[in-house]
1. With the alpha-carbon atoms as the only input, what is the per residue convex hull volume for the stretch 1-55 in Å³?
2. Determine the gain in length on full extension of the stretch ILE10-ALA111; use 0.36 nm per residue of separation and subtract their C-alpha separation, reporting nm with one decimal.
3. Quick one: angle between helix 87-97 and the longest Cα principal axis of the chain, in degrees between 0 and 90, rounded to 10, please.
4. Going by average Cβ neighbours within 10 Å, how do the peptides 28-35, 63-70 rank, with the highest at the top?
5. Can you give the FRET efficiency to the nearest 0.05 for ALA126 and ALA92, using r as the Cβ-Cβ distance and R₀ = 22 Å?
6. I'd like the Karplus ³J(HN,Hα) series for the stretch 12-20: coefficients 6.51, -1.76, 1.60, θ = phi - 60°, whole numbers in Hz, and an x wherever there's a Gly or Pro.
7. Based on alpha-carbon positions alone, could you give the equivalent ellipsoid semi-axes of the stretch 72-121 from the gyration tensor, as √(5λ), descending, whole Å?
8. Tell me, what does the Kirkwood hydrodynamic radius of the chain come to in angstroms if you use every pair of distinct C-alpha atoms?
Amino acid sequence: MAERRTVEAIGAPEAAGPYSHAVAHGDVLYCSGQVPIDPDTGRLVEAGPGEQAARCLENLEVVCAAAGTSLDRALMVTVYVTNLAAGAEVNAAYAERFATGPPARAMVEVAGLPLGASVEIAAAVALG
């Protein structure tokens, strides 16, 4: 039976609540949602949804690296936005990060996100 292990990523923004950056189980890393916090300042990136999405993806890459994998191995990504009308901006940043062979994805509009962010992104990523 596969063991469950938590991952804390040095260099990623601190968790804003009682959760781990990610949990590895078997061959999959389940990454908690990342909001666009600059890990150097600990502050929300004050920018448009596209730039916020790019920061979320950069933060997820740090989490993946801490677990010994890469966001290039993402299986499923869930993008939460406070306004679906920002989809084109978010898609541009997403397409730049996943230029070939993008993972499965869902985009969901929500009423609000932590710290007033416009975007939050979570991922399930292959290990090994």
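1. 86
2. Numbers: separation 101, 0.36 × 101 = 36.36 nm, distance 3.01 nm.
Separation in residues times 0.36 nm, less the Cα-Cα distance, equals 33.4 nm.
3. 40
4. Numbers: 28-35: 22.1, 63-70: 18.6.
The packing order, highest mean first, is 28-35, 63-70.
5. My answer for the efficiency is 0.30.
6. Whole-Hz 3J(HN,Hα) from phi for the stretch 12-20: 9, x, 4, 4, 8, x, x, 8, 8.
7. Equivalent-ellipsoid dimensions as semi-axes: 20, 11, 9 Å.
8. Working: mean 1/r = 0.0689 Å⁻¹.
Evaluated on the chain, it is 14.5 Å.
Every number in this text was worked out from the coordinates using simple rules, so none of it is lab data. Just so we're clear, the structure is a prediction, and the values are computed from it rather than from any experiment. Here the Cβ is made from the backbone with ideal geometry for all residues, glycine too, and neighbour counts use every protein chain on show.
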